[in-house]
Amino acid sequence: MPLSELLEKLRARPLPKHVALIMDGNGRWAKARGLPRSEGHRQGALAAERLVRFLARERLVPYVTLFAFSTENWSRPREEVEFLFRLLEGLIREKLREFAEAGVRLRLLGDPAPLPARLRAAIEEAEKSTRGNDALHLAVALNFGGRWAVLEGVRRALAQGLAPDELKEETFRGLLPTAELPDPDFIIRTGGHMRLSNFFLWEAAYAELYFTPTLWPDFDEEAFTLALLDFQGRTRNFGRVIT
Ligand code: FPP
């Protein structure tokens, strides 16, 4: 079925509000072609760029989070870590204008302190200049970890001197680094592994999970649309009995 028809089908039913993506498989994509891992990441960045363009244009989902670098990714070879940071910085600098004009609002999700100063500066500039946009809220999870996020919430609660019985679920939700984002309804992981790898933990409580063997550089607009159609076929009961 052509993409236009798939999209038409998709728009006829409720869509998720927040889709989060674990972009896995860049390394294997490159290896399968006898290319260096860096080439896999370069193609992965192109795939992310295409998807953002598509989402800003089609306005299918108002909130999207891309898991770009986890708190565990620091243990990769130094050259790979530096390459990823340079790639991201270049992408933000080159595409900021286009994405800002398309109505994208960019936000960093994660601890910025250990990131290179140049990358931090590019992100801050992008956050500032896209603050008023709302066609697509794009969060880039960078130096992010689900456990880090929960601990941040706990630290903030302690810093505010909250008493144990004052700490309700909603209060705590508002203290998490994701406070401004709705909980993800749908988490997609490419690359064939079926795990969350310390991505959203608290926020993922009722998320529908979708795992595909497709490697991230091959995950295109059609693949994303098919994933959303799969989401629409699911029954979500949030722990209740649906009669
Ligand atoms: C996983 O592939 C990918 C990453 C750790 C980095 C993701 C980064 C990008 C796609 C760059 C662009 C990012 C944005 C936000 C535009 P892997 O190296 O773990 O692959 P493997 O499992 O096959 O080794």
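The values are calculated or read from the model by the stated rules, or taken from the named source; none is laboratory data. Everything numeric here is computed off the predicted structure, so don't read it as measured data. Positions of Cβ are generated from backbone atoms using ideal geometry, with glycine treated the same way; all protein chains shown enter the neighbour counts.
Things to note:
- Yes/no for Leu88 being more than 13 Å from the ligand (Cβ to nearest atom), among the hydrophobic types (A, V, I, L, M, F, W, C) and within 18 Å of the chain's Cα centre (by Cα): no
- Test result for Phe99, closer than 22 Å to Arg37 by Cβ, surrounded by 18 or more Cβ atoms within 10 Å (Cβ to Cβ) and within 13 Å of the ligand (Cβ to nearest atom): no
- Test for Leu181: is it part of a loop (DSSP other than H, G, I, E, B) and either within 16 Å of the ligand (Cβ to nearest atom) or of a type in the set (Phe, Trp, Tyr) (or both): yes
- Which listed residue, of Arg240, Arg195, is at pLDDT below 95 and either more than 22 Å from Arg53 (Cβ to Cβ) or not hydroxyl-bearing (Ser, Thr, Tyr) (or both): Arg240
- When the range 24-40 is filtered for residues that are of a type in the set (Asp, Glu) and in a helix (DSSP H, G or I), only Glu39 remains.
- Matching option when the condition is crowded, with 16+ Cβ neighbours inside 10 Å, more than 18 Å from Phe199 (Cβ to Cβ) and aliphatic (A, V, I, L, M), among Ala126, Ala139, Ala121, Ala113: Ala126
- Some residue of the range 146-153 being more than 16 Å from the ligand (Cβ to nearest atom), in contact (Cβ under 8 Å) with a residue 40 or more places away in the chain and in a strand (DSSP E or B): no
- Selection from the range 13-62 of residues that are within 14 Å of the ligand (Cβ to nearest atom) and of a type in the set (Asp, Glu): Asp24, Glu39, Glu49
- Subset of the range 184-217 that is touching a helix residue (DSSP H, G or I) at 6+ places or on another chain (Cβ under 6 Å) and aliphatic (A, V, I, L, M) - its residue that is farthest from the ligand (Cβ to nearest atom): Leu201
To keep it simple, each residue is scored yes or no on (1) hydroxyl-bearing (Ser, Thr, Tyr); (2) under 21 Å from Val61 (Cβ atoms).
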{"position": "Arg147", "(1), (2)": "no, no"}
{"position": "Gly174", "(1), (2)": "no, no"}
{"position": "Ile187", "(1), (2)": "no, yes"}
{"position": "Leu196", "(1), (2)": "no, yes"}
{"position": "Leu201", "(1), (2)": "no, no"}
{"position": "Ala205", "(1), (2)": "no, yes"}
{"position": "Thr214", "(1), (2)": "yes, yes"}
{"position": "Leu228", "(1), (2)": "no, yes"}
{"position": "Arg236", "(1), (2)": "no, yes"}
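- Within the range 196-243, tally of residues that are of a type in the set (A, V, I, L, M) and in a helix (DSSP H, G or I): 5
- Looking only at the range 41-77, residues that are within 16 Å of the chain's Cα centre (by Cα), surrounded by fewer than 19 Cβ atoms within 10 Å (Cβ to Cβ) and assigned to a helix (DSSP H, G or I) come to 6 in all.
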